[in-house]
Amino acid sequence: MKKIVLAVLALLSGQSAMSATIENVSPSEAAQMQSAEKAIIVDVRETDEWNAGHIAGAIHIPLSEVKNRVAELAQYKDSPVITQCRSGVRSAKAAEVLKNAGFSAVYNLEGGINAWQKAALAVQ
C-alpha cells in the first residue's frame, strides 16, 4: 500500500513512479563502489562545471544530452552506474532516464560534487 501511495504522489507531482526506485549513495559509498565494484560515474553537469573540476574517471554527459546519448553507456547496462551533478538534483533526473532505459543498477550521488568535495574526496 505504501508503494502505491508513493507512486500516486510521484505522479501527482509530475514525476514518474520510477523515480522512487533510484537509490542515493553517499560520496564515500560512491568512491568505494567506483574502486571496488568498477562502478562508473556519469557527470551530468554543464561543460563549464566539468572543466572547473570533476571526479577522476567520470564520464561527462550533460543532462540535456543524456536521453540522446544513452547508447554510449550501453556497455554499462548491467553494471553499477552512479549519476552525479553539483548538488544531486539534475543527476536524479539523469538516473531516472537511465533506469527507464533498462539500466539495472543506477544510483544518484547524494549531494553531488559539493558533497564529494566536502567529504575531502579528490577532483581533477
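Computed from the coordinates by the stated procedures, all read-outs in this text should not be read as laboratory data. The shown structure was predicted, so the numbers you read here are calculated from the model rather than taken from an experiment. Note that we place each Cβ from the backbone using ideal geometry, even for glycine, and neighbour counts take in every protein chain shown.
Under the Karplus relation 6.51 cos²θ - 1.76 cosθ + 1.60, θ = phi - 60°, what is the ordered set of whole-Hz ³J(HN,Hα) values for segment 109-124, x standing for Gly and Pro?
6, 5, x, x, 5, 4, 5, 4, 5, 4, 7, 6, 8, 6, 10, 10
Residues with amide H under 5 Å of residue 24's amide H, sequence separation 5 or more or different chain, H placed in the peptide plane at 1.01 Å from N; which?
108
Put a dot 7 Å past each Cα toward the Cβ at residue 89 and residue 37; how far apart are the dots in nm?
Calculated label separation equals 2.7 nm.
What ³J(HN,Hα) values, in whole Hz, does the Karplus curve 6.51 cos²θ - 1.76 cosθ + 1.60 give for segment 42-55 when θ = phi - 60°, with x put for Gly and Pro?
Per residue, the Karplus-derived 3J(HN,Hα) values read 10, 8, 9, 6, 6, 4, 5, 5, 4, 5, 6, x, 8, 6 Hz.
Tell me which residues come under 5 Å, amide H to amide H, from residue 59 once H is placed; ignore anything under 5 positions away on its chain.
41, 42, 43
Calculated FRET efficiency, residue 56 and residue 101, Cβ-Cβ r, R0 30 Å, to nearest 0.05?
Efficiency at R0 = 30 Å is approximately 0.75.
At 10 °C and a viscosity of 1.306 mPa s, what translational diffusion coefficient does Stokes-Einstein give for segment 60-124, taking Rh as the Kirkwood radius over Cα pairs? Give it in µm²/s as a whole number.
Approximately 131 µm²/s, per Stokes-Einstein.
In whole Hz, with x marking every Gly and Pro, tabulate ³J(HN,Hα) for segment 75-81 from phi via Karplus 6.51 cos²θ - 1.76 cosθ + 1.60, θ = phi - 60°.
5, 9, 4, 10, 10, x, 10
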